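In what follows, a single structure is set out as structure tokens and then discussed.
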Amino acid sequence: MTALQRPWLRTATAAVVAAAFLMPVLLMVSTSFKKPDRILAASPQWIPSPFTTENYSAALANPALPRALLNSLVISGGVVALTLLLAVPLSYALARIPMRGSGAMLLALLITQLLPAIVLAAPLFILERKTGLQNTYTGLVAADTTLTLPLAVVVLRPLVQRIPVELEEAALVDGCGLPGVLGYVVLPLMAPGLIAVAGMSFLLAWGEFVFGLTLGQTPEVQPVTVVLNSFAGPVRTAWGPLMATATLVSVPVVCVFTVLHRFIVGGLTAGSIKG
């Protein structure tokens, strides 16, 4: 019996890997309940002693936090809507319509996905400043969509290719136009991929920092990630309130992933295989 055929060994390996990834999260939560003089102690403590909630009181007392949470919710929701609105027809066109340059277009989307946000920040800043979209929800939603749209197309295009063309032809014969084919045939069969794309788009937009800092220069539109950065000063960092705020900000992400994790994993897996 090989090592991969031993269930207990696979479980133990998975537990070790999961613990390694969860260690920063556990340290974040633990630090949020520590006294300020215990946070940077020489001997780190995983279990806070004494236990305190004063960091959460300081975090919730920050007047910028409620507005920033609302901004992040609006921006993330807008990114999800715009990503799906653009990715569905683009994925369908790349999968179904023979056209010159479709391969180059897909390659360009893949290259765009590999670029870090800081590379796109400067040209987007200039473009949005000239068009008047700087310091607006629209500008931030459009900027964040440049990060989520390539991933959405990469996931959804193989899903469209797996749908039998005969189903669409039968719908057309029955008098259903192209919008009806998309609405009644294609989209229901793409549901796992659509949910996966929506979930990933929300998570990416919620955690985006570079565009929020460069394109949203007023508190009225800045996301919560920028508020997190405000706790880090050039001389001193308020680690307690910072970790408490980070823990609060992580709650929506954990909730979204908990609810949609099966769809996200299933949608990404389905979108990675061409039938």
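The values are calculated or read from the model by the stated rules, or taken from the named source; none is laboratory data. Since we're looking at a predicted model, the values are computed, not measured. In this analysis, Cβ positions are derived from the backbone assuming ideal geometry, glycine residues included, and neighbour counts consider all displayed protein chains. For accessibility, only protein heavy atoms count, side chains too; no ligands or nucleic acids. Shrake-Rupley method; radii C 1.70, N 1.55, O 1.52, S 1.80 Å.
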Treating every alpha carbon of the stretch 1-157 as one equal point scatterer without solvent, the Debye formula yields log10 I(q)/I(0) values at q = 0.16, 0.17 Å⁻¹ of -1.04, -1.05
Using a 1.4 angstrom probe on heavy atoms only, work out the carbon and sulfur share of the accessible area of the chain in %. 73 percent
In a Gaussian network model of the chain with springs linking alpha carbons closer than 10 Å, the residue among 227, 259, 210 that fluctuates most is 259
Convert each backbone phi in the stretch 17-31 into a coupling constant with the Karplus relation 6.51 cos²θ - 1.76 cosθ + 1.60 (shift: θ = phi - 60°), then list the ³J(HN,Hα) values in order as whole Hz, x for Gly and Pro. 5, 5, 5, 5, 6, 7, 4, x, 5, 5, 5, 4, 5, 4, 5
Contact order relative to length of the chain, as percent, for alpha carbon pairs under 8 angstrom and 6 or more apart: 31 percent
Just 193, 183, 77 to compare: in a GNM of the chain, with alpha carbon springs under 10 Å, which one fluctuates most? 183
Where the chain is the region considered: accessible area per residue in Å², 1.4 Å probe: 56 Å²
Along the stretch 188-197, what does the Karplus equation 6.51 cos²θ - 1.76 cosθ + 1.60 (θ = phi - 60°) give for ³J(HN,Hα), rounded to whole Hz, x for Gly and Pro? x, 6, 9, 3, x, x, 5, 5, 4, 5
Among (1) 12; (2) 30; (3) 46, which is the computed percent of Cα pairs over 36 Å apart? (2)
Classify the stretch 211-264 from the C-alpha gyration tensor, please: rounded if a/c falls under 1.5, else prolate or oblate depending on whether a/b exceeds b/c. oblate
Nearest 500 deg cm²/dmol is fine: what mean residue ellipticity at 222 nm does the chain get from its DSSP H runs of n ≥ 4 alone, each adding -39,500 (n - 2.57), divided by its residue count? -23500 deg cm²/dmol
With charges set only on the Cβ (+1 for Lys and Arg, -1 for Asp and Glu), what does the dipole of the chain come to about its Cα centre, in debye to the nearest 20? 600 debye
Percent relative contact order for the stretch 15-54, counting Cα pairs under 8 Å at least six residues apart, stands at 43 percent
How many angstrom lie between the C-alpha centres of the stretch 1-75 and the stretch 158-203? 40 Å
Cβ neighbours within 10 Å, averaged per peptide: list 149-161, 101-113 in order, most packed at the top. 149-161, 101-113
For the chain, the longest stretch holding no chymotrypsin sites (Phe, Trp or Tyr not before Pro) located in a DSSP loop with at most 13 other Cβ atoms within 10 Å is which? 52-275
